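First comes the structure, then the notes that go with it.
The values are calculated or read from the model by the stated rules, or taken from the named source; none is laboratory data. Since the structure is predicted, the reported quantities are computational estimates derived from the model, not experimental observations. Neighbour counts are summed over all protein chains in view; Cβ atoms, including those assigned to glycine, are modelled from backbone coordinates with ideal geometry.
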Amino acid sequence: MPLWALLLPIAAILTLAVSVVAPAHAAVLVACVPALVAAVLTAVHHAEVVAHRVGEPFGTLVLAIAVTVIEVALIVSVMLAGGVGKAALPRDTIFAAIMIISNGVVGVCLLVGGLRHREQSFRVEGATAGFGALIALATLSLVLPSFTVSSAGPTYTVPQLAFAGTASLVLWAVFAFFQTVGHRDYFLPAQAADDEHAHAPPPSVGLAWASFALLLVSLVAVIGLAKVLSPSIESALDAAGAPKAVVGIAIALLVLLPETWAAVRAARANRMQTSLNLALGSALASIGLTIPAVAATAVVLDLPLILGLDPKDMVLLMVTFLVGAITLGTGRTNMMQGAVHLVLFAAFLFLALVP
């Protein structure tokens, strides 16, 4: 194991501990920025070590679940601290995660891969199965609440919340089984000739477990440092007069940094299948694990929860799904598809700032 891969997670955790003791100190906040970057880089490194040991798609699943579980903890803690004022934060964060992954991450991967390799291939069977589940989950969680009539506003009643949370968890679990057991071959990438790690011997069991532990440490540091920096980001956005939905976007951007970097690295190494496994797995976990957690928290603690999107965001979501279906329907990718997704991502960011 490289020395930096051992020391940087420890340094990031120590920075996080100092920020908890002295949360308002300017020097500590400045130190949190490079610590966050270091934690992201080491998280990607250790995730790749684990993935090389256990193979695909288990490796990408490990990173997606780890990030999402800690993301859920972050969202729930902010909900508990913010009360009514944070009723729409889970919706904003989940919607932002879908748009960031489906347009931003996928767009960058397609563009980078297209510029470097012209065309790249992937298994249509796995990608379309995951994308179909994502459409169903997003519609159930973010679209239907705006059209139900049992409760006022874009909300669900308690029975509706229970159904949505249960259905989300079940569908995610079925996809995880489909991906890792039932049809694992749909998610296996072809060996890339220019990938320097493709033919390297797998790490030992001990090294893999050490990397797994350091992956968790790095992810805790990423989420913790993101939470420490979030108030400063939120204050800056408020001072700039930005809409409240931008806070959810900022949280999602920080949380998804490790997966984004890993996906782009895979695309550059001509492993588009791995990039799509990361992207779709992260998007599905973001809904499938977050919705049950926030629904249970809202019901048990009687907290308000706004899930339904406004019409502008629904249009962006539907266009994203339409373009995504076209992109994933051929099994081949190119830079033009990446440009289309990135334009949609730019529109999402611009309309979030100028609604």
### Task
Report, by residue number, each residue of segment 213-254 that is polar (S, T, N, Q) and within 30 Å of Glu48 (Cβ to Cβ).
Ser218, Ser230
### Query
Quick one: would you say Pro2 is modelled with pLDDT of 85 or more and either closer than 20 Å to Glu259 by Cα or not charged (D, E, K, R) (or both)?
no
### Message
All but one of (1) without any contact (Cβ under 8 Å) to a residue 24 or more places away in the chain; (2) in contact with a Ser or Thr (Cβ under 9 Å, 6 or more places away or on another chain) hold for Leu289; state the number of the condition that does not hold.
### Response
(1)
### Message
Pairs needed: first member in segment 328-355, free of Cβ contacts under 8 Å to residues at least 40 places away in the same chain and aliphatic (A, V, I, L, M); second member anywhere, part of a helix (DSSP H, G or I) and exposed (fewer than 15 other Cβ atoms within 10 Å of the Cβ); C-beta distance under 7 Å; at least 6 residues apart or different chains.
### Response
Leu351/Lys312
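Does Ala339 count as surrounded by fewer than 22 Cβ atoms within 10 Å (Cβ to Cβ) and either in contact with a Phe, Trp or Tyr (Cβ under 9 Å, 6 or more places away or on another chain) or modelled with pLDDT of 85 or more (or both)?
Criteria met by Ala339.
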## Note on the structure
Selection from segment 283-324 of residues surrounded by fewer than 17 Cβ atoms within 10 Å (Cβ to Cβ) and not in a helix (DSSP H, G or I) yields Asp302, Pro304, Asp310
### Message
Anything in segment 21-46 that is loosely packed, with under 14 Cβ neighbours inside 10 Å and either touching a residue at least 40 places away in the same chain (Cβ under 8 Å) or not in a helix (DSSP H, G or I) (or both)? List them, or say none.
### Response
Ala22, Pro23, Ala24, His25, Val33
## Note on the structure
When every residue in segment 112-156 that is surrounded by fewer than 19 Cβ atoms within 10 Å (Cβ to Cβ) and in contact with a strand residue (DSSP E or B) (Cβ under 8 Å, 6 or more places away or on another chain) is compared, the one nearest to Leu276 (Cα to Cα) is Ser121
### Message
Between Phe345, Phe350, which is buried (at least 18 other Cβ atoms within 10 Å of the Cβ), assigned to a helix (DSSP H, G or I) and at pLDDT 85 or above?
### Response
Phe345
### Query
Taking Val246, is it crowded, with 24+ Cβ neighbours inside 10 Å and either under 25 Å from Ala87 (Cα atoms) or in contact with a Lys or Arg (Cβ under 8 Å, 6 or more places away or on another chain) (or both)?
no
### Query
From Val49, Val62, which residue is in a helix (DSSP H, G or I) and modelled with pLDDT of 75 or more?
Val49
